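Derivation of every value follows stated rules applied to the coordinates shown; laboratory data play no part. Quantities reported herein were computed from a predicted structural model and do not represent experimental measurements. Here Cβ is always computed from backbone atoms with ideal geometry, including for glycine, and neighbour counts include all displayed protein chains.
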Amino acid sequence: MSAGRPDDRAPDLGLRPATAADAPVLCALATQVFLDTYATEGIRPAMAREVEQHFSTSAWLAELARPEVRIEVVERAGHLVAFSQLLLGERHPLVGNAPAAELSRLYVQAPFQRRGVGRLLLDRAEAVARSEGFATLWLTAWVGNARALAFYRRQRYRELGSTDYEFENERFENRLFARSLSEPRPLHNSPRAG
Ligand SMILES: CC(C)(COP(=O)(O)OP(=O)(O)OC[C@H]1O[C@@H](n2cnc3c(N)ncnc32)[C@H](O)[C@@H]1OP(=O)(O)O)[C@@H](O)C(=O)NCCC(=O)NCCS
C-alpha cells in the first residue's frame, strides 16, 4: 500500500478521546486483548485477578478521572476496536531526566491488527505528549510479546534496556523502548478499511 491514496483510507475509523461513557466497553476490549496476548496457556488465578484489578469498569472510571492520564479510542460504526493510554509526566531511570510521558497501554483488537491502527494511536500519543511539553515518549513491552517488539522496532523506538513488571510476586522481563519527540517521524500509511 502506498501512502496517501484515497482508497487506502478508512473513513469509517474514527479517533477520539475516551469519555466516562466508554468505561464498560474499555473493560471488555482491554480484557479481550490482554487475554489474547498474554493468556496463551489458559488462565491462572493471578491473571484473572490482574484483569479484575486493572480492567473493571470502576478501574477505567478511575483512570479516566486522573488529570495526567489521556486515553484515546478508535471507533468504527459505534464499536471500539482499539485504545491507547498515555501517562503524562511519568519518569523511568532508564529514560533519564528529560520531561517524559509513558505509553502505558496500546491495545488493538485482533481483527484490526496490521491495518495501521496501532500506528495511528502511537502518532496521536506522540502528538499529545509533545503538545503537553514532553520531550520523550517511552513504554515497556514483555520480552515474549513478539508482535509488540516488532511493532516498536519498526516505529524506530530505541531499546534502552530491560525492566521487570511485577504482579503478586511474579516478575516478567520487559524491554524498555523510548523515542525523542523532537525527531522527525518517517512517512507512513493510512489505516486500512476492513
Ligand atoms: C502491537 C500492536 C499494538 C500493533 O498494532 P497494529 O495495529 O497491529 O500495528 P500497525 O498495523 O499499525 O503496524 C505498523 C507496522 O508495525 C509493524 N508490525 C505490526 N505488527 C507486527 C507484527 N506482528 N510483526 C511484525 N511487524 C509488525 C509492521 O511493519 C506494520 O506495518 P505493515 O503491516 O504495513 O508492514 C497490536 O499488535 C496489539 O494490540 N497487540 C496486542 C496488545 C499488545 O501487545 N500491545 C502492546 C504492548 S502494551
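Quick notes on this structure:
- Shown is the FRET efficiency for Ser162 and Ile43, computed with R0 = 22 Å from the Cβ-Cβ distance and rounded to the nearest 0.05: 0.25.
- Leading residue at positive end of dipole, region 38-194 (Cβ point charges), from His92, Tyr152, Phe134: Tyr152
- The magnitude of the dipole of the chain, with charges of +1 and -1 set on the Cβ of Lys/Arg and Asp/Glu and taken from the Cα centre, is near 780 debye.
- Summing Cβ point charges (Lys, Arg +1; Asp, Glu -1) relative to the Cα centre of region 69-180 gives a dipole of roughly 640 debye.
- Charge-dipole axis of the chain as Lys and Arg at +1 and Asp and Glu at -1 on Cβ define it, positive-most pick from Cys27, Thr163, Leu120: Leu120
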